[in-house]
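Below is one structure; the comments refer to it alone.
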Amino acid sequence: MKDFKDQVAFITGGASGAGLGQAKVFGRAGARIVIADVRADAIASALDELKAEGIAAHGIPLDITDREAYARAADEVEAAFGGPPTLLFNTAGVNSFGPVENTTYDDFDWLIGVNLGGVVNGMVTFVPRMIKAGKPAHIVTVSSMGGFMGSALAAPYSAAKAAVINLMEGYHQSLAKYGIGVSVLCPANIKSNIAEAVRIRPARFGNSGYVETQEAIDSLHSIYQHGMEPEELAGHVRRGIEEGALYIIPYPESKEMLEKHFRNIVDAVLPLEADPEGAKKRTEALMNWAADRARVFMQPKQEG
């Protein structure tokens, strides 16, 4: 996709940070913007900013972990714009830091529920509608550099973001035949208010094993204040969409770290000469299965 004029962009977490940056960049390119955010007051402020620039914008309060609310939001988009979005940005995310051994069920449920469950809800809600609409479209989901490796201090977050990368790789393979592109954005550091995420943590997930004091929040702000500007990041996203890129990673300082990490993984694989016969049998079995899988697994769903 190269022409964004009159495209409908649905952006979760769109009232601030990376989401608002996307709203501005794609709105200036002519897209009609829908910002979905759990914070109604932030939506109002963001809409004022967008409309002051002449950007057509609509706001929907949305908890992305609420599937029924997500379905209602999708219906609202279709009613307002005559169809589902042609640009879907799964951008909303939360984080919290603490030793992995102190992580509680509530920590896991909140962090994975938003960072992975929210993405799942966005995809399951909108993808069938986008396929049915039959229009060229593109999906961008925000993961993280943390999704490429584990973290002793952000384990649930990194685990969720790793799953998001994997999930988008699957959707990328599958949706191309419908004219729907898929990209996964993996930022290292964004100038955003994610340090404040704990303030919107639902009371039902109140049992945390982490230190969540003002001092901890201030410490995170000291990092994020030096992050990439959201509009600059959104510019990289635009170029990624235009190029049909699966991975969008506009952080050159991460290259050496990634090379070392994946080299360690590749080096852990046994050489072929360690088990040539076993490797041959397993490969042949996989190839035979692959040849037959379309017949077995890709049949149209039977109704009734």
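Of note:
- Filter pass, Val124 being under 22 Å from Phe26 (Cα atoms), of a type in the set (Val, Ile, Thr) and either within 13 Å of the chain's Cα centre (by Cα) or modelled with pLDDT of 95 or more (or both): no
- Single condition Gly21 does not satisfy, out of (1) without any contact (Cβ under 8 Å) to a residue 60 or more places away in the chain; (2) farther than 22 Å from Gly82 by Cβ: (1)
Yes/no matrix, rows are residues, columns are (1) assigned to a helix (DSSP H, G or I); (2) touching a Leu at 6+ places or on another chain (Cβ under 8 Å); (3) at pLDDT 95 or above; (4) among the aromatic types (Phe, Trp, Tyr):
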| position | (1), (2), (3), (4) |
| --- | --- |
| Ala234 | yes, no, yes, no |
| Val237 | yes, yes, yes, no |
| Gly240 | yes, yes, yes, no |
| Pro250 | no, yes, yes, no |
| Phe262 | yes, no, yes, yes |
| Val269 | no, no, yes, no |
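- Matching residues, region 1-16, being surrounded by fewer than 23 Cβ atoms within 10 Å (Cβ to Cβ) and either of a type in the set (A, V, I, L, M, F, W, C) or more than 14 Å from Leu50 (Cα to Cα) (or both): Met1, Lys2, Asp3, Phe4, Lys5, Asp6, Gln7
- Sole exception among (1) part of a loop (DSSP other than H, G, I, E, B); (2) at pLDDT 95 or above; (3) over 25 Å from His236 (Cα atoms) for Pro156, by number: (1)
- Restricting Ala163, Ala92 to residues that are farther than 28 Å from Arg32 by Cβ and either surrounded by 20 or more Cβ atoms within 10 Å (Cβ to Cβ) or free of Cβ contacts under 8 Å to residues at least 60 places away in the same chain (or both) narrows the list to Ala163.
- Assessment of region 131-151 against the conditions (more than 13 Å from the chain's Cα centre (by Cα) and in a strand (DSSP E or B)) yields at least one matching residue.
- Neighbours by Cβ (under 8 Å, 6+ apart or cross-chain): first from region 109-127, over 14 Å from Ile11 (Cα atoms); second β-branched (Val, Ile, Thr) and assigned to a helix (DSSP H, G or I): Asn115/Val164; Leu116/Val164
- Identification of helices (runs of 4 or more DSSP H) wholly contained in region 6-107 with 2 or more residues that are acidic (Asp, Glu) yields 40-52, 67-81.
- With respect to the stated conditions, Asp41 is under 15 Å from Ile200 (Cβ atoms), free of Cβ contacts under 8 Å to residues at least 24 places away in the same chain and surrounded by fewer than 22 Cβ atoms within 10 Å (Cβ to Cβ).
- Some residue of region 57-66 being on the phi < 0 side of the Ramachandran plot and more than 20 Å from the chain's Cα centre (by Cα): yes
- For Val100, the criteria (1) in contact (Cβ under 8 Å) with a residue 60 or more places away in the chain; (2) farther than 21 Å from Asn193 by Cβ; (3) crowded, with 16+ Cβ neighbours inside 10 Å; (4) not basic (Lys, Arg) hold in every case but one, which is (1).
- Ile112, sole failed condition from (1) surrounded by fewer than 23 Cβ atoms within 10 Å (Cβ to Cβ); (2) of a type outside the set (Lys, Arg); (3) under 18 Å from Tyr247 (Cα atoms); (4) under 16 Å from the mean Cα position of the chain (by Cα): (3)
The values are calculated or read from the model by the stated rules, or taken from the named source; none is laboratory data. The shown structure was predicted, so the numbers you read here are calculated from the model rather than taken from an experiment. Ideal geometry is used to build each Cβ from the backbone, glycine not excepted, and the neighbour counts take in all protein chains shown.
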